[in-house]
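The values are calculated or read from the model by the stated rules, or taken from the named source; none is laboratory data. Just so it is clear, the model here is predicted, and its values are computed rather than measured. So basically every Cβ, Gly included, is an ideal-geometry build from the backbone, and we count neighbours across all protein chains shown. Surface accessibility is based on the protein's heavy atoms, side chains included, excluding ligands, DNA and RNA. Shrake-Rupley method; radii C 1.70, N 1.55, O 1.52, S 1.80 Å.
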Amino acid sequence: MNSFHALLARQDGDQITASVETLTESDLPPGEVTIRVLYSSVNFKDALALTPGGGVVRSYPVVPGIDLAGEVVESQAPEFSVGDAVVAHGYQVGTGHHGGYAEFARLPADQVVRLDALGPRDAAAIGTAGFTAAMSVQALSDWGIKPDGGPVVVTGASGGVGTVSVDLLAAAGYRVVASTGKPAAEELLKSLGAAEVIGRLPADPEAKPRPLNKTRWAAGIDCVGGATLADVLSAVDYRGAVAISGLTGGPALHTTVMPFILRGVALLGIDSVQLPIGPRREIWARLGDSFRPRHLDAITTEVDVKDVVGVLDQLRSGTFTGRAVVRVAGGF
């Protein structure tokens, strides 16, 4: 590897641009595992990396792409061998050091997961979003939410985390209610297993929020935050739970303690960024087995890395549905 292609984001004043550039091995960060990247994916954090004031990148220039999947080409760690199929995401990938939108990446061994049952493309299609969905479903199950306990609402259901959450919950036997602001996504969501598709929550955004509403949900997976999360919390049944991972609706949460102290509702924060490598590898093993999404192809679009900026623009504007796999090898 003398040189390789990368989509590099640079900041010039209050502008951030991204273009294909040629890098060399000396541009890679320190680490024990060097990976030939075959696929990456598209996440909202990647869009923020190209947004002035996005707040996710420590310093520019940087290669975005918080997910990467490929094969090991060099290893100084005994647990990885040349040719191993691997996936990596979280920590500082694509934000604090170069990420997946490049033909090669180098990472510490304790940030890399070897793939057994999954191939690199499927791993990238699952990516951070699908991994977060799996963490969310696992959290609800660990709290004691049973499939026969009542409906589980998924907000932001047409997005990356939402679509995989609907798929995984339905496969496990839960009655899933998918909430989305995209009426055109109804057919897709029902094909993933949603029993019912509803509009955005709250149904009346102008109405005065109530700390407690009539119970509607046994539990929820919230990918939106803000007023949507407050509305979901107000309608969760006794000893229910909401797993939260998104803030596209805003980081503020205007609610009261009533759902928590009168109904014993749990608010379960889902963080896929700093999760230690041990449980991270365990969840990936499940994603290749019992948690493997049934309809991954139905929610996945493939795009060359040289064209990914347009998809990130769609994601930022809220017009993109499902997951996007980024073809890195051969995609420049």
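Numbers at a glance
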| quantity | calculated |
| --- | --- |
| Tabulated pairs, segment 238-261, first in the same structural domain as G150 (by the TED database), second open to solvent by 80 Å² or more (accessible area, probe 1.4 Å), C-beta under 6 angstrom, 6+ apart or interchain | A241/W143 |
| Answer from A171, A123 - the residue that is closer than 25 Å to V87 by Cα and under 15 Å from the mean Cα position of the chain (by Cα) | A123 |
| Restricting segment 1-23 to residues that are among the aliphatic types (A, V, I, L, M) and part of a strand (DSSP E or B), the residue that is most open to solvent (accessible area, probe 1.4 Å) | V20 |
| Matching residues in segment 61-77 - criterion: being open to solvent by 60 Å² or more (accessible area, probe 1.4 Å), touching a helix residue (DSSP H, G or I) at 6+ places or on another chain (Cβ under 9 Å) and farther than 19 Å from T128 by Cα | Q76 |
| Helices (runs of 4 or more DSSP H) completely within segment 222-332 that count 2 or more residues being surrounded by 21 or more Cβ atoms within 10 Å (Cβ to Cβ) and of a type in the set (A, V, I, L, M, F, W, C) | 226-234, 277-287, 308-317 |
| Lone qualifier among G288, G269 - being of a type outside the set (S, T, N, Q), under 30 Å from A109 (Cα atoms) and in contact with an Asp or Glu (Cβ under 8 Å, 6 or more places away or on another chain) | G288 |
| Top-ranked residue of segment 185-226 - restricted to ones that are of a type in the set (A, V, I, L, M) and at pLDDT below 95, ranked as farthest from T163 (Cα to Cα) | A207 |
